[in-house]
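In what follows, a single structure is set out as structure tokens and then discussed.
The values are calculated or read from the model by the stated rules, or taken from the named source; none is laboratory data. All of these numbers come straight from a predicted model, not from anything done at the bench. FYI the Cβ positions are ideal-geometry reconstructions off the backbone, even for glycines, and counts take in every protein chain you see.
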Amino acid sequence: MGFSEYSALKRAEGKELLRAKQMQVAMSGDKTMLVWLGKQYLDQKEKSEIKTEDTTPKTLKVEIVPGKKPVNSESEIDLTRNT
């Protein structure tokens, strides 16, 4: 068995142990760390839902301005500008 196979085997064993520990500790312990570990190592995610009753089609205009810094977060987007 080469290093890659050995590493994959040990990683899988670690994930199994982590899942078992999550279940054990979730019943009585620190859930915050368990959530973090699950997201980091088990590809677990929080469910994200957006519900709306408005079924009107929306149009999003994207404008790329040369020399302008890209937007890094939703809070930097100006939704009030209507051009």
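Observations
- Residue under evaluation residue 22, criteria (1) at pLDDT below 85; (2) out of contact with any helix residue (DSSP H, G or I) (no Cβ under 8 Å at 6 or more places or on another chain), criterion not met: (2)
- Scanning segment 1-60 for residues that are among the hydroxyl-bearing types (Ser, Thr, Tyr) and surrounded by 10 or more Cβ atoms within 10 Å (Cβ to Cβ) returns 6, 7, 41.
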